[in-house]
Amino acid sequence: MFIFCFFSSNAKAYDFSALNLEGVEIFYNILSQNEISVVSGDTKYNVTSLVIPDSVSYNNINYKVVMIAENALASYPDLRELYIPASVENIATSVYAESLLGEVGEFESFNVSETNPRYFSHEGVLYDGTALLKCPTQKQGEYEIKEGTTLIGSRAFANSQLSTISMPNSV
């Protein structure tokens, strides 16, 4: 018995792409009638700083960017700084775990909109509420974990260049 599988070379892992204000192409998947997820970027860009927009217009529909998907930033190997808008409600684990921005690279800073209700950054370190998710690999010197932090991600400080980490009693 033989089984033949045919794959189209036209297959794509995104619904559409758009340029951000800096002219960098970002790829998106449509999640609902008015919500999208960042799924990838174009490797032709030598991007060191990426600003994810709050919203994107496509086919006369304005979509809110609510998610950064698994491996979405892997196509930006030179990324040093990421800006996360207020609209992002969910960040897949790999965005800040060892597979991206964690174990290797020159990543320096997470910057989250002050109006994001879930995520925030403190001195370039990414937090989700009371959980410290990821310290950039290039952060150096001393870092004092924010008071009220109750959880630290399992590899939050992997390969960081910090000399001292101060923890509050809340951890």
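Suppose we keep only residues that are buried (at least 19 other Cβ atoms within 10 Å of the Cβ) and of a type in the set (Gly, Ala, Ser) within the stretch 28-49. Which one would you say is modelled with the highest pLDDT?
First, pick out the residues of the stretch 28-49 that are buried (at least 19 other Cβ atoms within 10 Å of the Cβ): 28, 36-41, 47.
Going one step further and asking which of them are of a type in the set (Gly, Ala, Ser), we end up with 37, 40-41.
Details: Ser37: 95, Ser40: 82, Gly41: 74.
Only one residue tops the list, namely Ser37.
If a residue has to be at pLDDT below 90 and either touching a Phe, Trp or Tyr at 6+ places or on another chain (Cβ under 8 Å) or open to solvent by 60 Å² or more (accessible area, probe 1.4 Å) (or both) to count, how many in the stretch 75-99 make the cut?
The initial filter retains those residues of the stretch 75-99 that are at pLDDT below 90, namely 75-80, 91-99.
With either touching a Phe, Trp or Tyr at 6+ places or on another chain (Cβ under 8 Å) or open to solvent by 60 Å² or more (accessible area, probe 1.4 Å) (or both) added as a condition, the list becomes 76-80, 91, 93, 96, 98-99.
The number of residues fulfilling the criteria is 10.
Just one of Ile52, Ile61 is under 13 Å from the mean Cα position of the chain (by Cα), of a type in the set (Val, Ile, Thr) and modelled with pLDDT of 90 or more; which is it? Spell out the reasoning first.
On the way: Ile61 fails: under 13 Å from the mean Cα position of the chain (by Cα).
Going through Ile52, Ile61 in turn, the sole match is Ile52.
I'd like the residue in the stretch 148-171 that is out of contact with any Phe, Trp or Tyr (no Cβ under 7 Å at 6 or more places or on another chain) and of a type in the set (A, V, I, L, M) and, out of all such residues, is surrounded by the most Cβ atoms within 10 Å (Cβ to Cβ).
Looking at the filtered set, the residue picked out is Ala156.
Any chance the stretch 100-113 includes a residue that's of a type outside the set (Gly, Ala, Ser), open to solvent by 70 Å² or more (accessible area, probe 1.4 Å), without any contact (Cβ under 8 Å) to a residue 24 or more places away in the chain and not in a strand (DSSP E or B)? Outline the logic, then answer.
We begin by selecting, within the stretch 100-113, every residue of a type outside the set (Gly, Ala, Ser); these are 100-101, 103-104, 106-108, 110-112.
Keeping just the survivors that are open to solvent by 70 Å² or more (accessible area, probe 1.4 Å) gives 104, 106, 108.
Next, from what is left, pick out any that are without any contact (Cβ under 8 Å) to a residue 24 or more places away in the chain: none.
No, the stretch 100-113 contains no residue that is of a type outside the set (Gly, Ala, Ser), open to solvent by 70 Å² or more (accessible area, probe 1.4 Å), without any contact (Cβ under 8 Å) to a residue 24 or more places away in the chain and not in a strand (DSSP E or B).
May I ask you to list pairs of residues, at least six apart or on different chains, whose Cβ atoms are under 8 Å apart, with the first in the stretch 135-146 being touching a residue at least 40 places away in the same chain (Cβ under 8 Å) and the second being open to solvent by 30 Å² or more (accessible area, probe 1.4 Å)?
Hits for this filter: Gln138/Arg80; Gln138/Glu106; Gln138/Glu108; Gln138/Gln161.
Could you look through the stretch 62-74, keep only residues that are in a strand (DSSP E or B) and of a type outside the set (Lys, Arg), and pick out the one that is surrounded by the fewest Cβ atoms within 10 Å (Cβ to Cβ)?
Residues of the stretch 62-74 that are in a strand (DSSP E or B), as a first pass: 62-68.
Checking the rest, the ones that are also of a type outside the set (Lys, Arg) come to 62-63, 65-68.
Details: Asn62: 9, Tyr63: 24, Val65: 23, Val66: 19, Met67: 22, Ile68: 23.
Among them, the one singled out is Asn62.
The values are calculated or read from the model by the stated rules, or taken from the named source; none is laboratory data. On a predicted model such as this, the values are computed, not experimentally measured, just so you know. All Cβ positions, even for glycine, are placed from backbone atoms using ideal geometry, and neighbour counts span all protein chains on display. Surface areas here come from the heavy atoms of the whole protein model, side chains and all, with no ligands, DNA or RNA. Shrake-Rupley method; radii C 1.70, N 1.55, O 1.52, S 1.80 Å.
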